[in-house]
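Have a look at the structure below before the remarks.
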Amino acid sequence: MLEVTDLVVNYGEAAAVRGVSMTVAEGSTVSLIGSNGAGKTTLVKALMGLQPVTSGSIQVADQDITHRPAADRPDLGVAVVPEGRRLFPAMTVRDNLLIGLHHPAARGRARDPLGFVFDLFPVLAKRQRQQAGTMSGGEQQMVALGRALISRPRLLILDEPSLGLAPVIVDQVFEIIGRIAGEGVTVLLAEQNMQRALELSDHGYVIADGQVVMAAPASELLVSDGVRHAYLGEP
Ligand code: ATP
């Protein structure tokens with residue numbers, strides 16, 4: 001579904017992603033784990049066409065999209081839940097969700113789109129006329145997830161969906177991501193919360209300083225001394 005080859009992304013002279021290659025097979029869930037500043041968000045932005053690629057390539061479903069504009073992503077069935085959610089706080093929950101259908105390709109795929117989202121997140125049905133900015137952090141994350149899912153993407157990319165949320169809400173968010181993956185959606189999950197991300201993934205890539213330092217089945221990374229050393233500070 002997604003093939004990234006030797007990807008380099010620079011900010012001016014500085015390289016933030018330095019030759020990353022990764023594969024996300026159709027129907028799988030893959031975690032991209034790394035600490036603050038490792039380059040996860042830059043990689044996600046490049047995948048979404050929001051940050052120019054210096055070299056290397058990005059393919060989605062065998063189409064080269066490396067230099068295609070962000071607005072082409074819905075056509076390919078790609079949706080993102082960006083870091084920090086990026087809702088329109090003064091707009092209602094309902095209108096924030098409907099933004100996910102702005103692109104005609106997204107509208108074409110979705111039957112009873114709001115019904116689908118409200119089935120996944122019943123709380124949003126009750127709150128649909130509330131201003132998104134007045135919702136709790138967890139509820140806002142549900143809106144961001146709903147906005148991405150309303151277009152029924154084939155590939156869902158999530159950038160740190162657990163960031164800043166209370167532990168009980170983090171549990172809910174990961175449970176929902178697991179359910180979405182269970183329905184056959186391909187998921188790429190960029191996370192600092194390594195344990196939780198790997199628990200629901202098939203495969204994981206560990207990224208540090210813009211490079212992949214480990215790539216393995218998630219079950220192996222979960223028990224790997226190298227990962228525990230790098231991320232949990234264990235000897
Ligand atoms: P975080 O969890 O903090 O979001 P991350 O793994 O997503 O971390 P990035 O945000 O991709 O990491 O940052 C990778 C590197 O690129 C960092 O060194 C960061 O300082 C740098 N960087 C990020 N955005 C910019 C920018 N707009 N201009 C210059 N450098 C940037």
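Name the single residue, out of those in region 128-139 being surrounded by fewer than 22 Cβ atoms within 10 Å (Cβ to Cβ) and part of a helix (DSSP H, G or I), that is farthest from the ligand (Cβ to nearest atom). First the steps, then the outcome.
Taking region 128-139 first, the residues surrounded by fewer than 22 Cβ atoms within 10 Å (Cβ to Cβ) are 128-131, 133-139.
Applying the additional criterion that residues be part of a helix (DSSP H, G or I) yields 133-134, 137-139.
Details: Gly133: 22, Thr134: 26, Gly137: 17, Gly138: 19, Glu139: 22 Å.
The extreme case among them is Thr134.
Checked against the criteria, Leu158 counts as of a type outside the set (Lys, Arg), outside any loop (DSSP other than H, G, I, E, B), under 15 Å from the mean Cα position of the chain (by Cα) and within 16 Å of the ligand (Cβ to nearest atom).
One line per residue, one yes/no per condition, for (1) modelled with pLDDT of 90 or more; (2) open to solvent by less than 10 Å² (accessible area, probe 1.4 Å):
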position: Gln141; (1), (2): yes, yes
position: Ala148; (1), (2): yes, yes
position: Asp159; (1), (2): yes, yes
position: Gly164; (1), (2): no, no
position: Val187; (1), (2): yes, yes
position: Asn193; (1), (2): no, no
position: Asp209; (1), (2): yes, no
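Put simply, of Met22, Met1 the only residue that is open to solvent by less than 40 Å² (accessible area, probe 1.4 Å) and more than 16 Å from the ligand (Cβ to nearest atom) is Met1.
Quick check, is Glu191 among the acidic types (Asp, Glu) and in contact with a helix residue (DSSP H, G or I) (Cβ under 9 Å, 6 or more places away or on another chain)? Working first, answer last.
Details: among the acidic types (Asp, Glu): yes; in contact with a helix residue (DSSP H, G or I) (Cβ under 9 Å, 6 or more places away or on another chain): yes.
So Glu191 passes the test.
Selection of region 86-118 for residues being at pLDDT below 90, of a type in the set (Val, Ile, Thr) and either over 11 Å from Leu149 (Cβ atoms) or open to solvent by 80 Å² or more (accessible area, probe 1.4 Å) (or both) yields only Ile99. Please find, within region 32-52, the residue that is most open to solvent (accessible area, probe 1.4 Å) out of those that are more than 9 Å from the ligand (Cβ to nearest atom) and closer than 16 Å to Asp72 by Cβ. Per the criteria, the residue is Leu50. Region 1-114 holds strands (runs of 3 or more DSSP E) entirely within its bounds, and those carrying 3 or more residues that are in contact (Cβ under 8 Å) with a residue 60 or more places away in the chain and in contact with a Pro (Cβ under 8 Å, 6 or more places away or on another chain) map to 78-81.
The values are calculated or read from the model by the stated rules, or taken from the named source; none is laboratory data. Because the structure is a prediction, the values reported are computed rather than measured. As a convention, Cβ positions derive from the backbone with ideal geometry for all residues, glycine included, and neighbour counts pool all protein chains shown. Calculation scope for accessible area: heavy atoms of the full protein, side chains included, ligands and nucleic acids excluded. Shrake-Rupley method; radii C 1.70, N 1.55, O 1.52, S 1.80 Å.
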